[in-house]
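These notes concern the structure reproduced below.
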Amino acid sequence: MTHGDADNNGIPLPDLDGAGIETLGVRGGQRRSAELEHSEAIFATSSFVYNSAAQAAARFAGDEPGNIYSRFTNPTVATFEDRIAALEGGERAVATASGMAAILATMMGLLQQGDHIVCSRGVFGTTTVLLQKYMARFGVSTTFVDLTDLAEWQAAVRPETRMLFLETPSNPLGEIADMDALARLAHGNEALLVVDNCLCTPVLQRPFRHGADVVIHSATKYLDGQGRCVGGVVVGSESLMEEVHGVLRSAGPTMSPFNAWVFLKGLETLSLRMRAHSESALAIAQWLREQANVETVLYAGLPDHPQNELAQRQQSGGSGVVSFRLRGGREEAWRVIDALNLFSITANLGDTKSTVTHPATTTHGRLSDEDKVRGGITENLVRISVGLESRDDLIADLDQALSRT
Ligand SMILES: *Cc1c(COP(=O)(O)O)cnc(C)c1O
């Protein structure tokens, strides 16, 4: 544990060595204040006090551990950080104001001018914009490659490549990266493998077991899982996270204590939710495949998906995001989306409420036409995030929307 003192005021906390993922989600990182609360407290305070001027000086000098100011550390945020670090099996986590702030802080902390990134083409649209437009302005260039084409990754690596960045499964296409192979490629070139583990969460996939150096989350999605707060987190070794934390301390996109508390409550039900999302998504993917106006279903959990074996090796479930291509173009995609009744039309995913999105005109709308074509973001592509409503109700809704003309 890296934050503050956690003696828990005389009531020992359980030993979590070797504990299961469900136990870590409920108990990981817990600490208790002098009030002996059972549920985690929200420390809604911007600063902390000292018992003397000398102690204040010692804290600021880093000679004494402890809280100073909530841009640096906060006990509620630290509890969330320690819990997600335990879940991922990483040494230390650093929480951020959003998923994008997590990605930005990782790049600012671990790269410098002149460095090069190789990134998969199928990443979150805003990640592409961050790399192409903003990181490039500060002299960090990026080459985009096909997530599943190892030869293309190899060919893109240069002497100055310091980072390989990917999402697996990718959003919205659900493609799977071979993390073990990409970790070997990264480490053979003194580069870091950074994995955005948003879609699977540690419940379904732990990238550190496949050689990743850094794991990133948009906590906004499944970690909260109930569509309430925006947040992010970066997990990795103590030395890498010290650099990422340094960026937050100096640049400021930290997580608020209230949001950290909401995410803590989300983590307590994460394993139950991820299994339920995955089971429903697989059933719906199987059902969609049988429908006449569905051209293809993109979900690696399907047994005959070309990457099913790789997905099985890395994941213990397929996550809740299913995409499909309709027979037709934008008009047909919009018609089906508008005809849905139970699914909410929103760009968010990973919610208890099922959602539907047209990536080409929303989440990926800022990509150039060429990048859309290369990234597989076609006009007939529809993405759903399967929530926790009754599976029968969701299928009935899809059925009436697909068959209505
Ligand atoms: C949403 C998302 C992000 C960005 O997270 P925010 O919390 O919205 O900033 C990054 N990566 C993936 C895969 C996402 O789905």
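Return yes or no: is residue 225 within 12 Å of the ligand (Cβ to nearest atom) and open to solvent by less than 10 Å² (accessible area, probe 1.4 Å)?
no
Just a yes or no: is a residue in region 88-104 more than 20 Å from the chain's Cα centre (by Cα), in contact (Cβ under 8 Å) with a residue 40 or more places away in the chain and more than 16 Å from the ligand (Cβ to nearest atom)?
Here is the first cut: in region 88-104, the residues more than 20 Å from the chain's Cα centre (by Cα) are none.
Checked against the condition, which is being more than 20 Å from the chain's Cα centre (by Cα), in contact (Cβ under 8 Å) with a residue 40 or more places away in the chain and more than 16 Å from the ligand (Cβ to nearest atom), region 88-104 yields no hits at all.
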Inset, instruction - State whether the residues of region 67-76 include one that is among the β-branched types (Val, Ile, Thr), open to solvent by less than 10 Å² (accessible area, probe 1.4 Å) and within 16 Å of the ligand (Cβ to nearest atom). - result: no
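Yes or no, residue by residue, for (1) assigned to a loop (DSSP other than H, G, I, E, B); (2) in the same structural domain as residue 353 (by TED's automatic domain parsing):
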| residue | (1), (2) |
| --- | --- |
| 244 | no, no |
| 261 | no, no |
| 275 | no, yes |
| 283 | no, yes |
| 286 | no, yes |
| 292 | yes, yes |
| 297 | no, yes |
| 305 | yes, yes |
| 309 | no, yes |
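I'd like to check something: does region 108-126 contain any residue that is farther than 26 Å from residue 323 by Cα, away from the ligand (no atom under 16 Å from the Cβ) and part of a strand (DSSP E or B)?
Within region 108-126, the subset farther than 26 Å from residue 323 by Cα is 108-117.
Filter once more, keeping what is away from the ligand (no atom under 16 Å from the Cβ): 109-116.
Of the ones still in play, those that are also part of a strand (DSSP E or B) are 116.
Yes, because at least one residue in region 108-126 is farther than 26 Å from residue 323 by Cα, away from the ligand (no atom under 16 Å from the Cβ) and part of a strand (DSSP E or B).
Scan region 195-214 for residues that are near the ligand (Cβ under 10 Å from one of its atoms) and assigned to a strand (DSSP E or B) and jot them down. Break it down stepwise before answering.
Initially, region 195-214 is screened for residues near the ligand (Cβ under 10 Å from one of its atoms), giving 196-199.
Answer for region 195-214, where residues must be near the ligand (Cβ under 10 Å from one of its atoms) and assigned to a strand (DSSP E or B): just 196.
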Legend entry - Where residue 217 falls short, out of the listed (1) in a helix (DSSP H, G or I); (2) touching a strand residue (DSSP E or B) at 6+ places or on another chain (Cβ under 8 Å); (3) not small (Gly, Ala, Ser): (1)
Legend entry - Given (1) under 30 Å from residue 267 (Cβ atoms); (2) of a type in the set (Val, Ile, Thr); (3) modelled with pLDDT under 95, index of the condition residue 357 fails: (3)
Inset, instruction - Of the numbered conditions (1) among the polar types (S, T, N, Q); (2) open to solvent by less than 40 Å² (accessible area, probe 1.4 Å); (3) away from the ligand (no atom under 12 Å from the Cβ); (4) in a loop (DSSP other than H, G, I, E, B), residue 271 fails exactly one; give the number of that condition. - result: (4)
Inset, instruction - Determine whether region 111-123 contains at least one residue that is out of contact with any Ser or Thr (no Cβ under 9 Å at 6 or more places or on another chain) and surrounded by fewer than 19 Cβ atoms within 10 Å (Cβ to Cβ). - result: yes
Legend entry - Answer from 366, 330, 374 - the residue that is basic (Lys, Arg) and within 16 Å of the ligand (Cβ to nearest atom): 366
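Go over the candidates 140, 230 one by one and state the one that is more than 14 Å from the ligand (Cβ to nearest atom) and in contact with a helix residue (DSSP H, G or I) (Cβ under 9 Å, 6 or more places away or on another chain). Spell out the reasoning first.
Values: 230 fails: more than 14 Å from the ligand (Cβ to nearest atom).
Residue meeting the stated conditions: 140.
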Inset, instruction - Please state which one of 192, 185, 240, 166 is more than 12 Å from the ligand (Cβ to nearest atom) and over 30 Å from residue 72 (Cβ atoms). - result: 185
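The values are calculated or read from the model by the stated rules, or taken from the named source; none is laboratory data. Here the structure is a predicted model, which means the values were calculated and not measured. Cβ atoms come from the backbone with ideal geometry, glycine included; neighbour counts cover every protein chain shown. For the accessible areas, the whole protein counts, side chains as well, though only heavy atoms, and no ligand, DNA or RNA atoms are used. Shrake-Rupley method; radii C 1.70, N 1.55, O 1.52, S 1.80 Å.
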